[in-house]
Amino acid sequence: MTKHAKAACIFVMASVIFPGLVAAASDNKLRMATENEIRQHLSQADSLKERTDGYQYREGDSTGYKITDGKICARKGNAVDCADVYFDGTRLEMIDRKGNRDFIGN
C-alpha cells in the first residue's frame, strides 16, 4: 500500500465511524482532544469491542480502531494509519501526517 493510499485509508475508515465529516478550515484555537471527547463524537462507539491486539472492532468488521488522547489509529490487516485529533471547544479536527484536515461532528 502506498503512502498516499495509507493516508487516504484513515479518512475513509474514519468516515465510517465519524458521520458528517466535513472539510473546512478553523480559526479557533485547538488543543489535543481527550480520549473521552473523541469517543463522545463517535457514531456507534458503544458497539466497539476490544480484541487481544489492543484495537477495538465492531462485530463483523475487519477494521480496528485504537483511540487515545489526541490520536485515532485505524488498522486494516497489517496496515495501520493514525491521525492526530484536536478539539476547539465545539468540534474535533483530525489532522493526518501530511497535514490534511477534516472536522468531526458538530
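Using a simple spin-label model with points 7 Å from Cα along the Cα→Cβ vector, what separation in nm is obtained for E59 and K29?
For the pair E59/K29, the computed spacing is 4.5 nm.
Compute the distribution of all C-alpha to C-alpha distances in the range 63-106, in bins of 5 Å from 0, and list the percent of pairs in each, rounded to whole numbers.
Over the range 63-106, the share of Cα pairs per 5 Å bin runs 6, 22, 27, 26, 13, 4, 1 percent.
Values in this text are rule-based calculations from the coordinates and carry no lab data. Because the structure is a prediction, the values reported are computed rather than measured. All Cβ positions, even for glycine, are placed from backbone atoms using ideal geometry, and neighbour counts span all protein chains on display.
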